[in-house]
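Report on the structure given below.
The values are calculated or read from the model by the stated rules, or taken from the named source; none is laboratory data. Because the structure is a prediction, the values reported are computed rather than measured. Positions of Cβ are generated from backbone atoms using ideal geometry, with glycine treated the same way; all protein chains shown enter the neighbour counts.
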Amino acid sequence: MTGGMAVACAKTGRKLMSSSIRLLEDEIYALRVKMEQSYIEEATFSSEKVIGLSRLLDMKINEYMQFRRSYAAQQS
């Protein structure tokens, strides 16, 4: 499965999520860990490093939610 597209299961015919959503989940997890570590190092949420990671994390979460909504719409 590639390219961010859903493909149909040969057995059931139901659409399956591509590996793109798994990659997004992995990115979100890694960013969260990195942001938490940055917070520990900086000892503040207001550091530019923590804020930058938080914004990037927000963008990835929004991308993930859009992907999930589009996948759900395809299933209807």
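Name the residues in segment 50-76 that are polar (S, T, N, Q) and part of a helix (DSSP H, G or I), would you? Even if it seems obvious, please write down each step before you answer.
We begin by selecting, within segment 50-76, every residue polar (S, T, N, Q); these are 54, 62, 66, 70, 74-76.
The answer is SER54, ASN62, GLN66, SER70, GLN74, GLN75.
If you go through segment 34-58 and keep only what is surrounded by 11 or more Cβ atoms within 10 Å (Cβ to Cβ) and hydrophobic (A, V, I, L, M, F, W, C), you end up with MET35, PHE45, VAL50, ILE51, LEU53, LEU56, LEU57.
Summed over segment 53-76, residues that are among the small types (Gly, Ala, Ser) and either in contact with a helix residue (DSSP H, G or I) (Cβ under 8 Å, 6 or more places away or on another chain) or within 14 Å of ARG32 (Cβ to Cβ) (or both) total 1. Of the residues making up segment 14-31, those that are modelled with pLDDT under 95, in a helix (DSSP H, G or I) and hydroxyl-bearing (Ser, Thr, Tyr) number 2.
For segment 32-49, does any single residue satisfy the condition of being outside any helix (DSSP H, G or I), at pLDDT below 95 and of a type in the set (A, V, I, L, M, F, W, C)? Yes: one or more hits.
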